[in-house]
Amino acid sequence: MSERAKGLSRQQMCDRLAMEFGDGWIVNLGIGIPTLCSNFDFSDKQIIFHSENGVIGYGPLAPAGEEDMHLVNAGGQHVTLEPGAAIVHHADSFALIRSGRIDVTVLGAYEVAENGDFANWKMAGQQGGGIGGAMDLASCAKHVFVAMEHQTRDGKPRLVERCAIPATARGVVNLVATNFGLFEITAQGMALREIAPGVKVEEVRATTGCNLIIPREVPPVRLAQ
Amino acid sequence: MSARSKVYSSFDDAVRDIPDGATLAFGGFAVVGMPINLYQAVAKQGAKRLTCVSNSTRGGATLPADAPDMGQMIKNGQVEKVICAFTAPTRASQRLILSEYVEKGLIEAELVPQGTLAERMRAAGAGIPAFYTPAAVGTELAEGRETRVFNRREYLLEHALPLDYAFIRAYQADAAGNLRFRRSQRNFNPIMAMAARVTVVEVEEDILPVGAIDPDDVHTPGIFVHRIVKIPPPPDGWWPQRPGSIKQ
């Protein structure tokens, strides 16, 4: 068996979430897997990428050797600016987060619970943690999407009834893409919306730690063209 | 002009009077706008029992390998407490100097959501003693703390974070201490300057004469700035490294 997890690649997981972004949305991508959302071809949609350090309207990574040493995104990557970009300081950057101007934040997670709680700032048994801007973003963005592997390295489920490690925010997650499929948090619980090619519904059920609402026919995950 | 000049000729002079027990903030985000030279000066100055505020205690990929960050002050035994948005590594493979001191009970680490950290300093600089925010409601960080419902939503009470000293890095300064930052260099720096009794700035370009920065282009006015030092070119001054020159 190869190193790569079964089902969707990380890029495909992020492509699937990026398809849900609306025209004109202001998007904040978390460090790690979610940064891949910016590789998606948005075609005619205008997407404005915001980063916690006050950059509004950043573009692709700068080519090697052409980095602007004064310009990084929240992951410390040397990005470029799109026409119309603006820069603010950290308090204004979080003012626009807190006041609900971010249409969607895509975050990584260790666990997502069926009620929309999720955990991504503190590993089990750890002292302290790495919160960054995740609590502010998760509490205040209009939509919260999560991109993560379906299981831990030890094969434990990441989609669970209740988070076992400390939560980042309660009841906020709308949509989760894992390598096994696309999941939506609904008022009735967690629903399997689309399934990854080559993965069986029974496998998804067996590797998920909460009840899943599963329609009779589960469509395959829509993939980028 | 009779007021004392804000222009200092050395980093050592600009940090000489930090007393033991002071609350210091260090600006910067992922090395951009990070006061690398002032970290070194404070580490050399040696004040102890410090409370240190910063987004994180470590620099980042573009910090030269032997350049100072808060880790050096921690190893020096200068730090009693840190207030940060990152107090543990975000990957299992990473190791923070801070972690072993926290685990041994030698340093207290207060973990604060990044937006709350920024707003606590903004509030201090704006004369606001406390405020309510939705961040961290329902989490471990809110346990036992005051919350209040406004418009059917729960908010957490947070207190202003006043600073004794702020150490920041700017692109340009005039002799009156008016500052301009470049690109994402702004980050926490203007807010820390507002919150501090004494703001010390390391400046990348030559100090400009008073009036050389158009008033409309000033990001941080000189009333928030007390000491400015021009960063010498390398190897005498610390500058971030280009990614291409970093050994992988």
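The values are calculated or read from the model by the stated rules, or taken from the named source; none is laboratory data. Bear in mind the structure is a predicted one, so any value in this text is a computation, not a measurement. Counting neighbours? That spans all protein chains shown, and the Cβs are built from the backbone with ideal geometry, glycine included.
Quick check on the range B:202-230: of everything there that is in a loop (DSSP other than H, G, I, E, B), more than 17 Å from the chain's Cα centre (by Cα) and aliphatic (A, V, I, L, M), which residue is nearest to residue B:65 (Cα to Cα)? Outline the logic, then answer.
Here is the first cut: in the range B:202-230, the ones in a loop (DSSP other than H, G, I, E, B) are B:204-207, B:209-214, B:218-219, B:221, B:225-226.
Filter again for more than 17 Å from the chain's Cα centre (by Cα), leaving B:205-207, B:209-214, B:218, B:221.
Still in the list and also aliphatic (A, V, I, L, M): B:207, B:210, B:212-213, B:218.
On the way: B:207: 28, B:210: 36, B:212: 36, B:213: 35, B:218: 33 Å.
Among residues in the range B:202-230 that are in a loop (DSSP other than H, G, I, E, B), more than 17 Å from the chain's Cα centre (by Cα) and aliphatic (A, V, I, L, M), the one nearest to residue B:65 (Cα to Cα) is B:207.
What strands (runs of 3 or more DSSP E) completely inside the range A:136-186 contain at least 1 residues that are more than 13 Å from chain B (Cβ to nearest Cβ), surrounded by fewer than 24 Cβ atoms within 10 Å (Cβ to Cβ) and out of contact with any helix residue (DSSP H, G or I) (no Cβ under 7 Å at 6 or more places or on another chain)? Please lay out each step first, then the result.
On the way: elements: A:143-147, A:175-178, A:181-186.
Those strands (runs of 3 or more DSSP E) span A:143-147, A:181-186.
Let's see how each residue does on (1) buried (at least 17 other Cβ atoms within 10 Å of the Cβ); (2) assigned to a strand (DSSP E or B); (3) touching a Ser or Thr at 6+ places or on another chain (Cβ under 7 Å):
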| position | (1), (2), (3) |
| --- | --- |
| A:57 | yes, yes, no |
| A:63 | no, no, no |
| A:66 | no, no, no |
| A:70 | yes, no, yes |
| A:74 | yes, no, yes |
| A:94 | yes, no, no |
| A:102 | yes, no, no |
| A:106 | yes, yes, no |
| A:116 | yes, no, no |
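Are there any pairs with C-beta distances below 7 angstrom linking a residue in the range B:35-46 that is within 13 Å of residue B:168 (Cβ to Cβ) to a residue that is of a type in the set (Asp, Glu) and not in a helix (DSSP H, G or I), with the two at least 6 apart or on different chains, and if so which?
B:35/B:202; B:37/B:202; B:38/B:202; B:39/B:69
Note down all Cβ pairs under 9 Å where the first residue falls in the range A:58-84 and is free of Cβ contacts under 8 Å to residues at least 12 places away in the same chain and under 18 Å from residue B:56 (Cβ atoms), the second is exposed (fewer than 15 other Cβ atoms within 10 Å of the Cβ) and not acidic (Asp, Glu), and they're at least six residues apart or on different chains.
Pairs found: none.
Only one residue in A:106, A:79, A:88 is modelled with pLDDT of 95 or more and more than 13 Å from every other protein chain (Cβ to nearest Cβ), so which one is that?
After applying the criteria, what remains is A:106.
Using the structure shown, decide if residue B:92 is over 18 Å from the mean Cα position of the chain (by Cα), within 12 Å of chain A (Cβ to nearest Cβ) and surrounded by fewer than 16 Cβ atoms within 10 Å (Cβ to Cβ).
Details: over 18 Å from the mean Cα position of the chain (by Cα): yes; within 12 Å of chain A (Cβ to nearest Cβ): yes; surrounded by fewer than 16 Cβ atoms within 10 Å (Cβ to Cβ): yes.
The answer is yes for residue B:92.
What's the number of the only condition in (1) modelled with pLDDT of 95 or more; (2) more than 11 Å from every other protein chain (Cβ to nearest Cβ) that residue B:142 fails to meet?
In the conditions (1) modelled with pLDDT of 95 or more; (2) more than 11 Å from every other protein chain (Cβ to nearest Cβ), residue B:142 misses (2) alone.
Evaluate the range B:172-182: report whether one residue or more is basic (Lys, Arg) and in contact with a His (Cβ under 7 Å, 6 or more places away or on another chain).
Checked against the condition, which is being basic (Lys, Arg) and in contact with a His (Cβ under 7 Å, 6 or more places away or on another chain), the range B:172-182 yields at least one hit.
Condition first: in a loop (DSSP other than H, G, I, E, B), surrounded by fewer than 19 Cβ atoms within 10 Å (Cβ to Cβ) and in contact with a strand residue (DSSP E or B) (Cβ under 9 Å, 6 or more places away or on another chain). Now tell me which residues in the range B:59-88 satisfy that. Full working, then the answer.
The first filter runs over the range B:59-88 and keeps only residues in a loop (DSSP other than H, G, I, E, B), leaving B:59-69, B:76-78, B:85, B:87-88.
Narrowing further to those that are surrounded by fewer than 19 Cβ atoms within 10 Å (Cβ to Cβ): B:60-61, B:64-66, B:76-77.
Hit for the range B:59-88 is B:60, nothing else.
Only one residue in B:136, B:126, B:85 is touching a residue at least 12 places away in the same chain (Cβ under 8 Å) and at positive phi, so which one is that? Walk me through it before giving the result.
Numbers: B:126 fails: at positive phi; B:85 fails: at positive phi.
Unique residue meeting the criteria: B:136.
With the requirement that a residue be farther than 15 Å from residue B:192 by Cα and within 9 Å of chain A (Cβ to nearest Cβ), what does the range B:16-31 give you? Walk me through how you get there before you give the answer.
Residues of the range B:16-31 farther than 15 Å from residue B:192 by Cα: B:16-21, B:30-31.
Result: B:30, B:31.
Filter the range B:182-236 for residues that are within 20 Å of residue B:42 (Cβ to Cβ), of a type in the set (D, E, K, R) and surrounded by 15 or more Cβ atoms within 10 Å (Cβ to Cβ); which is nearest to the other protein chains (Cβ to nearest Cβ)?
If we take residues in the range B:182-236 being within 20 Å of residue B:42 (Cβ to Cβ), of a type in the set (D, E, K, R) and surrounded by 15 or more Cβ atoms within 10 Å (Cβ to Cβ), then B:204 is nearest to the other protein chains (Cβ to nearest Cβ).
Which one of B:173, B:123, B:136 is surrounded by 17 or more Cβ atoms within 10 Å (Cβ to Cβ), small (Gly, Ala, Ser), part of a helix (DSSP H, G or I) and modelled with pLDDT of 95 or more?
On the way: B:173 fails: part of a helix (DSSP H, G or I); B:136 fails: part of a helix (DSSP H, G or I).
One residue alone meets the criteria, B:123.
Can you say whether residue B:149 is farther than 18 Å from residue B:52 by Cβ, more than 13 Å from chain A (Cβ to nearest Cβ) and free of Cβ contacts under 8 Å to residues at least 24 places away in the same chain, as far as the supplied structure shows?
Numbers: farther than 18 Å from residue B:52 by Cβ: yes; more than 13 Å from chain A (Cβ to nearest Cβ): yes; free of Cβ contacts under 8 Å to residues at least 24 places away in the same chain: yes.
Yes.
Which is under 12 Å from the mean Cα position of the chain (by Cα) and either within 15 Å of residue B:84 (Cα to Cα) or not in a loop (DSSP other than H, G, I, E, B) (or both), of B:37, B:55?
On the way: B:37 fails: under 12 Å from the mean Cα position of the chain (by Cα).
So the residue among B:37, B:55 that is under 12 Å from the mean Cα position of the chain (by Cα) and either within 15 Å of residue B:84 (Cα to Cα) or not in a loop (DSSP other than H, G, I, E, B) (or both) is B:55.
Checking residue A:127 against (1) assigned to a loop (DSSP other than H, G, I, E, B); (2) touching a residue at least 24 places away in the same chain (Cβ under 8 Å); (3) within 11 Å of chain B (Cβ to nearest Cβ): exactly one of these is not met. Which one?
Single failed check for residue A:127: (2).
Among B:106, B:161, which is the only one that is assigned to a loop (DSSP other than H, G, I, E, B), crowded, with 23+ Cβ neighbours inside 10 Å, at negative phi and more than 10 Å from every other protein chain (Cβ to nearest Cβ)? Let's see the steps before the verdict.
Details: B:106 fails: crowded, with 23+ Cβ neighbours inside 10 Å.
That would be B:161, the only listed residue that is assigned to a loop (DSSP other than H, G, I, E, B), crowded, with 23+ Cβ neighbours inside 10 Å, at negative phi and more than 10 Å from every other protein chain (Cβ to nearest Cβ).
One residue is enough: does the range B:12-24 have a residue meeting the conditions under 16 Å from residue B:98 (Cβ atoms) and either among the hydrophobic types (A, V, I, L, M, F, W, C) or in contact (Cβ under 8 Å) with a residue 12 or more places away in the chain (or both)? Reasoning before the result, please.
Kept after step one, since they are under 16 Å from residue B:98 (Cβ atoms), are these residues of the range B:12-24: B:24.
After this cut, where a residue has to be either among the hydrophobic types (A, V, I, L, M, F, W, C) or in contact (Cβ under 8 Å) with a residue 12 or more places away in the chain (or both) as well, the list is B:24.
So far as the range B:12-24 goes, yes, one or more of its residues are under 16 Å from residue B:98 (Cβ atoms) and either among the hydrophobic types (A, V, I, L, M, F, W, C) or in contact (Cβ under 8 Å) with a residue 12 or more places away in the chain (or both).
State which residue is nearest to the other protein chains (Cβ to nearest Cβ) when the search covers only the range A:91-103 and only residues that are within 20 Å of the chain's Cα centre (by Cα) and not acidic (Asp, Glu). Steps first, answer last, please.
Going through the range A:91-103, the residues within 20 Å of the chain's Cα centre (by Cα) turn out to be A:93-94, A:96-98, A:100-103.
Imposing the further condition that a residue be not acidic (Asp, Glu) reduces the set to A:93-94, A:96-98, A:100-102.
Details: A:93: 8, A:94: 3, A:96: 10, A:97: 6, A:98: 6, A:100: 10, A:101: 13, A:102: 11 Å.
Only one residue fits best here, namely A:94.
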